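Working notes, beginning with the structure itself.
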């Protein structure tokens with residue numbers, strides 16, 4: 001701050017004020033201590049008031065006479081102070097294929113600066129203030145070059161990390177001078193006074209050959225000084241609000257460009273909505289005359305490119321890539337060929353370039369045969385050993401669904417892992433043109449197929465007739481000396497030799513699509529002695545009743561009726577390869593085979609406890625140890641989890657009710673026998689998140705489960721089950737297998753609980769007090785073939801007003817007899833009404849799997865005008881029984897008996913008491929460890945008894961006892977709290 005020079009009058013007043021202050025202080029504290037006359041107390045009080053008033057007057061006078069600060073205003077920045085993210089002369093113009101973000105487009109012009117002041121009122125004294133300039137809003141013009149055009153659409157504009165302008169799709173129109181896009185984001189990056197705000201017009205040009213100059217730039221720079229930038233996509237920011245700082249955040253444009261100079265029909269140049277056809281991209285690189293090779297289209301065999309493009313469209317193999325730096329065309333062509341597994345060669349007969357895809361598109365019986373009759377010599381025949389192969393492939397790519405973050409897709413050959421004694425050999429590859437998980441998974445599988453098998457490689461010297469072969473062709477090869485018959489080979493290169501030598505040299509390798517068709521004869525004998533191949537019981541092993549999803553998605557069962565069994569068994573040793581599932585349901589209780597498992601289930605134990613209240617998508621996960629078959633544990637991407645059920649696992653609870661089915665997207669070997677399972681999706685299918693102790697067992701469903709596909713079981717049926725293991729030669733004696741008892745509890749028939757249940761936006765609220773209650777949950781249906789995650793956005797919502805008396809809604813799905821289940825919801829506690837703060841009533845109570853469930857309702861006292869009803873009616877339209885919960889509640893004002901503050905305190909106390917009472921009753925009815933957080937609201941459906949025909953709903957004796965314990969607990973807490981508040985009110 002800067003102060004103005006002090007005048008003589010102010011200096012004199014200040015000195016007088018200081019002198020008076022000293023005199024008054026001396027009068028107050030330096031006077032002799034005289035004992036006051038007890039008969040004159042009023043004199044001392046009056047003296048005190050006079051001195052107090054005098055002090056106040058002097059304080060006010062000092063504030064009025066004090067010099068006021070002269071606060072200096074902030075100074076604006078000039079255009080030269082601004083730093084733009086990318087403003088580089090000579091920078092390469094990017095080329096885009098498919099849909100990609102252009103981060104940091106080149107700023108080819110900026111200027112036309114305008115500055116607006118931001119003022120703030122500042123106190124300069126007790127009775128004064130002043131307006132001070134504390135900052136500035138900067139308006140500037142920019143021209144940003146994005147990429148070569150013409151583009152197909154602009155999909156989004158981001159500034160920094162924030163989306164400033166989202167689109168479903170927008171096509172710019174350069175022919176009419178550009179299209180204006182309004183950006184109105186005044187609160188971006190914090191808004192006014194906090195450095196943020198972006199408001200203005202973005203003029204967008206898509207880079208057509210007839211593009212006109214921008215009219216705004218012509219007005220600023222002159223009509224003759226602005227080019228049209230033909231064939232260049234660019235955007236002009238027309239002196240809009242850009243920042244409150246001279247540091248400009250980088251802009252990002254998400255662009256779609258789908259070239260089709262190849263002329264593919266029916267939009268086949270666009271693959272899976274967002275990607276370009278790789279064949280079209282290859283053709284453009286070869287022929288474009290501005291930035292590419294500028295080849296004559298007549299030198300290209302267009303028919304081969306069109307055929308390949310149609311195949312790639314059908315496969316969904318799309319290309320999305322940004323070439324934003326100087327790159328050799330040959331390198332770019334090789335990258336596309338690597339992704340599509342193709343060959344580009346020049347035909348020696350026609351001189352044209354051909355595109356050939358490596359596919360299983362041939363008939364082995366029609367292939368040309370090469371043997372001793374037309375092959376002169378076989379050179380460099382080699383075949384890799386199994387320990388030189390890879391059994392795991394990881395494809396790294398940027399995922400468009402995850403904001404183009406780097407991620408990976410993996411594939412694994414379990415048979416190869418077993419051949420290499422459980423050792424994992426990983427091959428990592430990067431594909432910059434892939435932007436979707438489905439394409440990455442398909443390429444991982446393709447690459448694994450080639451890398452996991454020891455393919456033969458060789459060079460043939462053949463007669464001149466072999467000169468007709470071209471790269472990518474397939475031949476059939478036999479060579480008696482090597483014991484090879486009908487081996488399918490893929491040609492990679494053909495050398496025609498010279499005039500003096502008519503022989504043709506052919507480089508080729510064994511075609512992966514035909515592996516298994518070749519015969520190898522006359523194998524030399526070995527000295528290997530077979531080892532004992534005896535089966536052993538699975539250890540550990542468990543059986544469970546099956547969730548309905550496994551029955552629904554099974555190719556054999558396809559959602560058939562009845563309960564089914566699933567089993568989990570750990571491999572006892574390396575010799576055991578599979579097991580069968582047996583139950584004592586045969587004649588005379590004999591064990592019969594009811595299903596099987598193609599493989600054993602990998603398993604391990606938790607290193608630490610795993611809490612229930614983690615995030616539904618837990619990126620931290622947990623550690624496991626003592627893992628059996630870790631090489632068979634394969635993580636999955638989100639789409640594969642939901643669609644195919646890959647990457648599933650089950651954490652085993654102390655009882656079947658405590659089991660939790662999860663999915664995982666990452667599995668990492670940490671060394672030392674420990675592994676990390678993270679990116680966990682919790683509470684899947686018909687399970688809910690649960691607490692799991694350290695050393696709890698986890699089963700991985702990578703290879704599926706042992707399911708009773710050959711037999712269905714009845715509800716409540718009790719059986720004994722055994723897992724009969726098998727080696728390649730023998731089966732375990734059933735007497736040596738351990739019997740496990742199981743009682744089916746209608747798991748496949750019951751409705752499944754909803755997901756992501758929240759009260760007022762919280763999964764675990766400690767209390768909701770007397771406020772309105774908003775209940776939300778994500779719908780999950782037992783007949784869904786797609787797995788729904790707990791973290792799915794809430795699709796159901798009930799808003800309970802504090803003045804509402806009742807509410808019913810359908811929640812969950814129909815029971816196995818087609819009748820919808822209804823549920824009542826918590827009634828809000830009305831403000832200042834004792835009538836609705838009544839006792840807790842439980843009209844329904846049912847065991848829904850792991851958790852017991854209640855339908856909570858609050859009813860008024862006996863003197864309320866309307867009683868609480870619980871009735872059972874029949875729908876007139878569908879004739880299905882329903883459960884309805886409704887209440888008519890009295891409204892007796894509490895203010896007749898208590899003051900307002902006591903009334904409010906009583907409401908809060910009773911609401912907390914209801915919650916605590918429910919907790920006490922719950923703990924008594926379900927046992928230790930089954931309690932819930934205080935105040936957590938649970939609303940549950942009750943499935944009606946199939947054979948009940950009475951008008952009223954009846955409860956069992958156990959249900960009645962539970963109801964009594966609930967009401968006793970709540971009444972006791974309510975009575976104690978009410979007594980406490982009454983005493984306080986007195």
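Among the residues in the stretch 398-417, are any crowded, with 18+ Cβ neighbours inside 10 Å and over 31 Å from the mean Cα position of the chain (by Cα)? Yes, the stretch 398-417 contains at least one residue that is crowded, with 18+ Cβ neighbours inside 10 Å and over 31 Å from the mean Cα position of the chain (by Cα).
Being crowded, with 18+ Cβ neighbours inside 10 Å, under 21 Å from residue 778 (Cβ atoms) and more than 23 Å from the chain's Cα centre (by Cα) is a property that residue 679 lacks. Name, by its number, the condition in (1) farther than 24 Å from residue 741 by Cβ; (2) more than 35 Å from the chain's Cα centre (by Cα) that does not hold for residue 589. With (1) farther than 24 Å from residue 741 by Cβ; (2) more than 35 Å from the chain's Cα centre (by Cα) applied to residue 589, the lone miss is (1). Reported count of residues in the stretch 627-647, each being within 18 Å of residue 606 (Cα to Cα) and within 13 Å of the chain's Cα centre (by Cα), is 0. In the set (1) assigned to a strand (DSSP E or B); (2) over 30 Å from residue 273 (Cα atoms), the condition left unmet by residue 408 is number (2). The test for being buried (at least 18 other Cβ atoms within 10 Å of the Cβ), in a loop (DSSP other than H, G, I, E, B) and in contact (Cβ under 8 Å) with a residue 60 or more places away in the chain does not hold for residue 422. Considering only residues in the stretch 382-392 that are touching a helix residue (DSSP H, G or I) at 6+ places or on another chain (Cβ under 7 Å) and more than 16 Å from residue 633 (Cβ to Cβ), the one that is surrounded by the fewest Cβ atoms within 10 Å (Cβ to Cβ) turns out to be 386. The single condition from (1) touching a residue at least 60 places away in the same chain (Cβ under 8 Å); (2) on the phi < 0 side of the Ramachandran plot; (3) over 32 Å from the mean Cα position of the chain (by Cα) that residue 545 fails is (3). Modelled with pLDDT of 90 or more, touching a strand residue (DSSP E or B) at 6+ places or on another chain (Cβ under 7 Å) and over 21 Å from residue 702 (Cα atoms): is that true of residue 376 in this structure? The answer is yes for residue 376.
Within the stretch 350-361, the set of residues being in contact (Cβ under 8 Å) with a residue 40 or more places away in the chain and surrounded by fewer than 17 Cβ atoms within 10 Å (Cβ to Cβ) comprises 350, 351, 352, 359, 360.
One line per residue, one yes/no per condition, for (1) in contact (Cβ under 8 Å) with a residue 40 or more places away in the chain; (2) surrounded by fewer than 21 Cβ atoms within 10 Å (Cβ to Cβ); (3) within 21 Å of residue 102 (Cβ to Cβ):
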{"residue": "236", "(1), (2), (3)": "yes, no, yes"}
{"residue": "246", "(1), (2), (3)": "yes, yes, no"}
{"residue": "268", "(1), (2), (3)": "yes, yes, no"}
{"residue": "291", "(1), (2), (3)": "yes, yes, yes"}
{"residue": "297", "(1), (2), (3)": "no, yes, no"}
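A single entry from 728, 716 fulfils the requirement of being exposed (fewer than 14 other Cβ atoms within 10 Å of the Cβ) and within 15 Å of residue 598 (Cβ to Cβ): 728. Report whether or not residue 642 is part of a helix (DSSP H, G or I) and either within 21 Å of residue 422 (Cβ to Cβ) or out of contact with any strand residue (DSSP E or B) (no Cβ under 6 Å at 6 or more places or on another chain) (or both). Answer is yes for this residue. Among the residues of the stretch 652-667, some residue qualifies, meaning at least one is closer than 14 Å to residue 602 by Cα and not in a strand (DSSP E or B). Per this entry, residue 428 is counted among residues that are in contact (Cβ under 8 Å) with a residue 24 or more places away in the chain and loosely packed, with under 15 Cβ neighbours inside 10 Å.
In the stretch 171-251, counting only strands (runs of 3 or more DSSP E) that sit wholly within it, the ones holding 1 or more residues that are under 19 Å from residue 93 (Cα atoms) and at pLDDT 90 or above span 198-205, 232-243. Are any residues in the stretch 529-552 over 17 Å from residue 728 (Cα atoms) and either at pLDDT below 65 or touching a helix residue (DSSP H, G or I) at 6+ places or on another chain (Cβ under 7 Å) (or both), and if so, which ones? Once the filter is applied, which keeps residues that are over 17 Å from residue 728 (Cα atoms) and either at pLDDT below 65 or touching a helix residue (DSSP H, G or I) at 6+ places or on another chain (Cβ under 7 Å) (or both), the stretch 529-552 yields only 544. Of the residues screened, residue 687 is not one that is surrounded by fewer than 17 Cβ atoms within 10 Å (Cβ to Cβ) and within 26 Å of the chain's Cα centre (by Cα). Picking from residues in the stretch 334-349 that are assigned to a loop (DSSP other than H, G, I, E, B) and on the phi < 0 side of the Ramachandran plot, the one that is surrounded by the fewest Cβ atoms within 10 Å (Cβ to Cβ) is 349.
The values are calculated or read from the model by the stated rules, or taken from the named source; none is laboratory data. Keep in mind that what you see is a predicted model, and the values were worked out from it rather than measured. Note that each Cβ is placed from the backbone with ideal geometry, even for glycine, and that neighbours are counted across all protein chains shown.
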